[in-house]
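A quick write-up on the structure given underneath.
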Amino acid sequence: MTLHAPYDPSNIFAKILRGEIPAVKVWEDDQVLAFMDAFPQGEGHVLVISKVSTARNLLEVEPDTLATLAAAAQRTASAVVKALSPDGFSIMQFNGEAGGQTVFHLHFHIIPRWSDRPLKGHGSGGMADMDELKVTAAKIRAAL
Ligand code: AMP
């Protein structure tokens, strides 16, 4: 999928937003949703998406939405750090297939990092156990 293509409303995050497929939610408001990555690169990997924008990537997003997403990513990262006490964290955001993007609804990855734990591959870490994700999501939510 190139950088320049129409928004596909059948992408997996659009389906999550419409409630057509399940997601382990961390928190949401009327603008954003933060939920657990189902194929996490490590414990506590959270995704933040806009509920209102159909921007596929960073180039397309409206500045106001970008500001809202950045604040949501900061709020989420703060809770992740409080809940899981990592040594650091990575914010990742991929654009276009060649840029590593696999779901074409703009999103930010928040991935806690521990010095002694290698990061799993992007999209190749295997599917997480949903019950474990729910436990982690509850811990992060409690730290918001
Ligand atoms: P990207 O490759 O940057 O587009 O990131 C897409 C992310 O969505 C990957 O990290 C996937 O593991 C994650 N993902 C794919 N399907 C789902 C799903 N159904 N629920 C939660 N996360 C998903």
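Worth a mention:
- Once segment 30-39 is narrowed to residues that are touching a residue at least 24 places away in the same chain (Cβ under 8 Å) and farther than 13 Å from residue 130 by Cα, the residue that is surrounded by the most Cβ atoms within 10 Å (Cβ to Cβ) is 34.
- Scanning segment 98-116 for residues that are among the hydrophobic types (A, V, I, L, M, F, W, C) and either within 12 Å of the ligand (Cβ to nearest atom) or exposed (fewer than 12 other Cβ atoms within 10 Å of the Cβ) (or both) gives 98, 103, 104, 106, 108, 110, 111.
- For segment 5-13, the criterion of a residue being more than 20 Å from residue 113 (Cα to Cα), within 15 Å of the ligand (Cβ to nearest atom) and not in a loop (DSSP other than H, G, I, E, B) is satisfied by at least one position.
- Single residue of 76, 2, 54 found to be of a type in the set (S, T, N, Q) and not in a loop (DSSP other than H, G, I, E, B): 76
- Residue ID - nearest to residue 80 (Cα to Cα), chosen from residues in segment 95-115 that are touching a helix residue (DSSP H, G or I) at 6+ places or on another chain (Cβ under 8 Å) and among the hydrophobic types (A, V, I, L, M, F, W, C): 110
- Of all residues in segment 40-52 being out of contact with any Leu (no Cβ under 7 Å at 6 or more places or on another chain) and surrounded by 16 or more Cβ atoms within 10 Å (Cβ to Cβ), the one that is farthest from residue 144 (Cα to Cα): 40
- Yes/no for residue 88 being loosely packed, with under 13 Cβ neighbours inside 10 Å and within 15 Å of the ligand (Cβ to nearest atom): no
- Looking at 132, 60, just one residue is in a helix (DSSP H, G or I) and either out of contact with any Asp or Glu (no Cβ under 7 Å at 6 or more places or on another chain) or within 14 Å of residue 35 (Cα to Cα) (or both), and that residue is 132.
Okay, residues lined up against (1) at pLDDT 95 or above; (2) closer than 23 Å to residue 120 by Cβ; (3) of a type outside the set (Ser, Thr, Tyr):
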{"residue": "22", "(1), (2), (3)": "yes, yes, yes"}
{"residue": "25", "(1), (2), (3)": "yes, yes, yes"}
{"residue": "40", "(1), (2), (3)": "yes, yes, yes"}
{"residue": "74", "(1), (2), (3)": "yes, no, yes"}
{"residue": "81", "(1), (2), (3)": "yes, yes, yes"}
{"residue": "87", "(1), (2), (3)": "yes, yes, yes"}
{"residue": "90", "(1), (2), (3)": "yes, yes, no"}
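- The numbered conditions (1) more than 14 Å from the ligand (Cβ to nearest atom); (2) touching a residue at least 40 places away in the same chain (Cβ under 8 Å); (3) more than 22 Å from residue 81 (Cα to Cα) are all true for residue 58 except (1).
The values are calculated or read from the model by the stated rules, or taken from the named source; none is laboratory data. No experiment lies behind these values; they were computed from the predicted model shown. A quick note on method: Cβ atoms are made from the backbone with ideal geometry, for glycine too, and the neighbour counts reach across all protein chains shown.
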